[in-house]
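The values are calculated or read from the model by the stated rules, or taken from the named source; none is laboratory data. Here the structure is a predicted model, which means the values were calculated and not measured. Here the Cβ positions follow ideal geometry from the backbone for every residue, glycine too, while neighbour counts run over all protein chains shown.
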Amino acid sequence: MDPSGSAGVEGTPAIDIRELTRRFEGFVAVDRVTIAIRQGEMFGLIGPNGAGKSTLIKMLTTLLPPTSGSATVVGYDIIREPGEVRRHIGYVPQLLSADGALTGYENMLLSARLYGIPRTERAPRITRALARMELTEVADRLVGHYSGGMIRRLEIAQKSTASAQGVVSGRADDRSRSGRARDDMGSCP
C-alpha cells in the first residue's frame, strides 16, 4: 500500500486518509492514521479490542467526526460532503441485518428494490453479487439456515448490488469468507 495517494481508477484513491485522529476527552482512540486504498483493493483493519478500528470506520462513514486530520471516500470529503460519502458507499454494520425468514435471493431482491435498482437490472446484479460471494448454491435457502459467515457475505453482496463504489464492513472476519470471496469482495460493483 502506497500512502502517498497513488491512484486507483481515474487517479483518485477509493479511500484517502491523512493524519486522521479522534480523541475522547484525554483518550486517543485513533492516532494520526494515514493510508490510501485504491479502487478495487481490499483492505482490512486488524487489531485488539479498543485499538480504534470501529472508531476509524465510524469516521469514514461520517457517523463520527474526526478531532483532526482529513479523509476522502470515493473523492468526497468526510467533513464537508458527508451526504455524498453516504450516497456512494454501502455500510455493512457489525450486527447482522439479513432477514432469516427469506431466502438469500429474496433478501437480495428486497435490497435491490430498496436501493431503487431498475427492475431490468436486478437479476443480473443479484446473480453477479451472489456468485462473487460464493452464495449461488445456497441462494434459494432460507437465510435462517445460513452460518454467520454466510450471512455476512450475503449482507456484503446486498450492499455491493446497489452500485456502491465502496463497501465498508463494521466487522471483518476472514474466517467468515472463503479465499475467492475475500479476494473478490473489493471488486463488487
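Condition check ((1) farther than 17 Å from Thr61 by Cβ; (2) modelled with pLDDT of 85 or more; (3) loosely packed, with under 11 Cβ neighbours inside 10 Å) across all residues:
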| site | (1), (2), (3) |
| --- | --- |
| Ser6 | yes, no, no |
| Glu19 | yes, yes, no |
| Val28 | yes, yes, no |
| Arg32 | yes, yes, no |
| Ile35 | no, yes, no |
| Arg38 | yes, yes, no |
| Leu45 | no, yes, no |
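Conditions tested, residue by residue: (1) in contact (Cβ under 8 Å) with a residue 12 or more places away in the chain; (2) among the aliphatic types (A, V, I, L, M).
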residue: Gly69; (1), (2): yes, no
residue: Ile89; (1), (2): yes, yes
residue: Ser97; (1), (2): yes, no
residue: Leu102; (1), (2): yes, yes
residue: Glu121; (1), (2): no, no
residue: Met133; (1), (2): yes, yes
Q.
For Asp183, only one of the following conditions fails: (1) assigned to a helix (DSSP H, G or I); (2) modelled with pLDDT of 90 or more. What is its number?
A. (2)
Q: Could you list, in sequence order, all residues of segment 32-52 that are out of contact with any strand residue (DSSP E or B) (no Cβ under 6 Å at 6 or more places or on another chain) and over 18 Å from Ala14 (Cβ atoms)?
A: Ile46, Gly47, Pro48, Asn49, Gly50, Ala51
Q: From Val73, Val138, grab the single residue that is assigned by TED's automatic domain parsing to the domain that holds Asp16, aliphatic (A, V, I, L, M) and modelled with pLDDT of 90 or more.
A: Val73
